[in-house]
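Q: One structure, pasted below without further comment.
The values are calculated or read from the model by the stated rules, or taken from the named source; none is laboratory data. Note that the structure is predicted; figures quoted are calculated from it, not measured. Glycine also receives a Cβ, built like all others from the backbone with ideal geometry; neighbour counts cover every protein chain displayed. All accessible areas refer to the heavy atoms of the entire protein, side chains included, with ligands and DNA or RNA removed. Shrake-Rupley method; radii C 1.70, N 1.55, O 1.52, S 1.80 Å.
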Amino acid sequence: MDIESRIKRRQRRDSSHRLVLDYEPLSPVHHIDEPNGRGPMMERLLDHLDSVFDGNLPPNAYVHGPAGSGKSAVITALFSCLDLLPTDDRSIIHTSTRAEPAISPAFIYVDVRETKSEFAFYHAILDSLSDDTVPEYGIGTDTLRSRLHDILGGRNNGAVIAVDHVDDADELDPEDLVDLFAGLPSNTSWLAIGRAPAEQSPLTEYTARSLAIEPYRKQTLVDVLMTRASDGLAQQSLTHSTARHIADWADGNAHDALSVLFVAAVNTEAADRTRITEHDVASAVDEIPDPCVSLGRVLALPKNRQAVLRELVEMDEAETASVTRTTEVISQRDAVDLSQGTVKRFLYEMAESGIVDRVKSERRNGQGRPPSRVEPRFPPTAFRQLYDLGS
């Protein structure tokens with residue numbers, strides 16, 4: 001924890017002895033500036049990017065590892081630092097076709113969970129390069145692509161673009177991504193980040209290198225949990241023993257480990273207690289589906305779909321006995337201004353993409369086909385809290 005974090009921690013301290021001082025450090029979707037225990041991974045990425053320090057672009061690459069192995073945390077932290085190289089060695093980018101000479105390339109991070117179309121993909125890149133706001137309406141994809149080529153054509157060293165969560169691009173399959181990469185200017189290189197092993201990803205046909213990321217080791221994951229707890233919880237509210245219990249269960253998956261800590265903290269705070277116990281952890285573990293969908297993916301959904309899920313996680317067993325009953329209840333809620341048909345379509349679409357599960361309800365009186373109901377594939381308490389906090 002750095003000096004600024006220590007000062008903020010004391011500023012948050014009050015006489016009420018609250019457990020949670022700040023939810024953000026506890027959040028499974030929050031990335032810290034310096035991820036714990038990922039030094040070797042950082043070095044391997046820097047080895048790949050080493051040519052940029054000589055003014056050259058690195059080759060395309062594919063970074064892969066299991067869920068919760070810290071890929072996004074390291075990539076975002078690394079690209080944030082690289083994008084802060086001395087300004088006298090950097091170009092000031094405008095939306096015109098003219099740019100000053102640059103020594104280092106631009107470093108751009110794109111999350112394809114939030115860029116669900118060709119237009120959105122190029123728009124995100126342009127928005128990162130431009131000092132001015134790039135229009136979202138009244139402009140076509142071809143115009144965006146042309147402007148991108150003009151801007152990067154004015155840079156001596158182009159750009160390195162990290163494209164994250166390529167496995168979670170619900171509306172962009174691998175072939176679509178290949179086409180998007182092919183549409184980039186020639187003075188760009190890309191770094192695709194996903195979970196699929198290199199031999200199973202079609203993207204590796206277009207890369208010169210693949211970098212495998214291993215899951216967190218148990219002690220490293222304990223350190224991650226203790227660091228986050230130190231930043232977000234009252235002192236001595238999480239013991240090393242309890243953190244080790246979480247790490248043992250999570251088996252190297254930082255997302256799931258942090259989800260357990262987050263849920264346990266929310267529930268402990270609601271119970272007006274100031275120490276997370278083994279019972280709190282066990283209750284939180286029971287809430288994590290197997291497999292668990294990334295909360296970042298859920299929170300990247302359009303707001304109207306998130307609103308539907310927000311109502312779903314509040315419903316009781318009778319209200320979720322069937323999809324029909326669920327859609328009736330949700331469509332009547334004031335927070336959801338959607339028709340019953342639209343709600344049902346959203347639920348079916350989210351079931352198809354794996355955000356929720358469709359499961360058969362118990363057969364009633366042994367007559368007819370049993371109805372199906374939907375269950376979230378993410379921890380409801382964590383989503384509810386993050387949604388309400390506006391994350």
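Q: Step by step: first the residues of the range 122-156, then only those that are of a type in the set (Val, Ile, Thr), without any contact (Cβ under 8 Å) to a residue 24 or more places away in the chain and not in a helix (DSSP H, G or I), then the one that is nearest to Leu191 (Cα to Cα). Which residue is that?
A: So, considering only residues that are of a type in the set (Val, Ile, Thr), without any contact (Cβ under 8 Å) to a residue 24 or more places away in the chain and not in a helix (DSSP H, G or I), the one nearest to Leu191 (Cα to Cα) is Thr133.
Q: A further question on this structure: Give the residue, chosen from Val260, Val285, that is open to solvent by 10 Å² or more (accessible area, probe 1.4 Å), in contact with a Phe, Trp or Tyr (Cβ under 9 Å, 6 or more places away or on another chain), over 30 Å from Leu172 (Cβ atoms) and not in a loop (DSSP other than H, G, I, E, B).
A: Details: Val260 fails: open to solvent by 10 Å² or more (accessible area, probe 1.4 Å).
None of the other options fit; the residue is Val285.
Q: Continuing with this model, one more query. Can you go through Thr204, Thr227, Thr220 and tell me which one is farther than 20 Å from Leu45 by Cβ, open to solvent by 20 Å² or more (accessible area, probe 1.4 Å) and hydroxyl-bearing (Ser, Thr, Tyr)? Give the derivation first.
A: Values: Thr204 fails: farther than 20 Å from Leu45 by Cβ; Thr220 fails: farther than 20 Å from Leu45 by Cβ.
Of the residues listed, the single one that is farther than 20 Å from Leu45 by Cβ, open to solvent by 20 Å² or more (accessible area, probe 1.4 Å) and hydroxyl-bearing (Ser, Thr, Tyr) is Thr227.
Q: Let me ask you something else. Conditions first: (1) of a type in the set (Lys, Arg); (2) over 26 Å from the mean Cα position of the chain (by Cα); (3) open to solvent by 40 Å² or more (accessible area, probe 1.4 Å). Arg195 passes all but one, so which condition is the exception?
A: (2)
Q: Just one of the numbered conditions (1) assigned to a helix (DSSP H, G or I); (2) touching a residue at least 24 places away in the same chain (Cβ under 8 Å); (3) surrounded by fewer than 20 Cβ atoms within 10 Å (Cβ to Cβ) is not true of Thr326; which one?
A: Only one criterion is unmet by Thr326, namely (3).
Q: Okay, moving on. Which residues, taken from the range 116-138, are open to solvent by less than 50 Å² (accessible area, probe 1.4 Å) and β-branched (Val, Ile, Thr)?
A: Listed by number, the residues that qualify are Ile125, Val134.
Q: Let me ask something additional. What is the residue count in the range 350-384 for residues that are part of a helix (DSSP H, G or I), open to solvent by 40 Å² or more (accessible area, probe 1.4 Å) and at pLDDT 95 or above? Steps first, answer last, please.
A: Of all residues in the range 350-384, those part of a helix (DSSP H, G or I) come to 350-352, 380-384.
From the residues that got through so far, the ones that are open to solvent by 40 Å² or more (accessible area, probe 1.4 Å) too are 352, 384.
Add one more test, that the residue is at pLDDT 95 or above, and what stays is 384.
Adding up the residues that qualify gives 1.
Q: Can you confirm whether Ala247 is free of Cβ contacts under 8 Å to residues at least 24 places away in the same chain and either within 25 Å of Glu214 (Cβ to Cβ) or in a helix (DSSP H, G or I) (or both)?
A: Details: free of Cβ contacts under 8 Å to residues at least 24 places away in the same chain: no; either within 25 Å of Glu214 (Cβ to Cβ) or in a helix (DSSP H, G or I) (or both): yes.
No; evaluated as a whole, the condition is false for this residue.
Q: Also, quick follow-up: Under 9 Å by Cβ, and 6 or more places apart or on different chains, what pairs join a residue from the range 263-279 that is more than 17 Å from His245 (Cβ to Cβ) with one that is at pLDDT below 95 and open to solvent by 70 Å² or more (accessible area, probe 1.4 Å)?
A: Filtered contacts from the range 263-279: Glu269/Arg18; Thr274/His17; Thr274/Arg18; Thr274/Gln236.
Yes/no per residue for (1) among the small types (Gly, Ala, Ser); (2) touching a residue at least 60 places away in the same chain (Cβ under 8 Å):
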{"site": "Asp164", "(1), (2)": "no, yes"}
{"site": "Leu180", "(1), (2)": "no, yes"}
{"site": "Asn187", "(1), (2)": "no, yes"}
{"site": "Gly194", "(1), (2)": "yes, yes"}
{"site": "Ala198", "(1), (2)": "yes, yes"}
{"site": "Ile213", "(1), (2)": "no, yes"}
{"site": "Met226", "(1), (2)": "no, no"}
{"site": "Ala229", "(1), (2)": "yes, yes"}
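Q: Using the structure shown, decide if Gly252 is in contact (Cβ under 8 Å) with a residue 24 or more places away in the chain and farther than 18 Å from Lys71 by Cβ.
A: Working: in contact (Cβ under 8 Å) with a residue 24 or more places away in the chain: yes; farther than 18 Å from Lys71 by Cβ: no.
No.
Q: Looking at (1) closer than 30 Å to Ala257 by Cβ; (2) modelled with pLDDT under 85; (3) touching a helix residue (DSSP H, G or I) at 6+ places or on another chain (Cβ under 8 Å), find the lone condition where Ala102 falls short.
A: Only one criterion is unmet by Ala102, namely (1).
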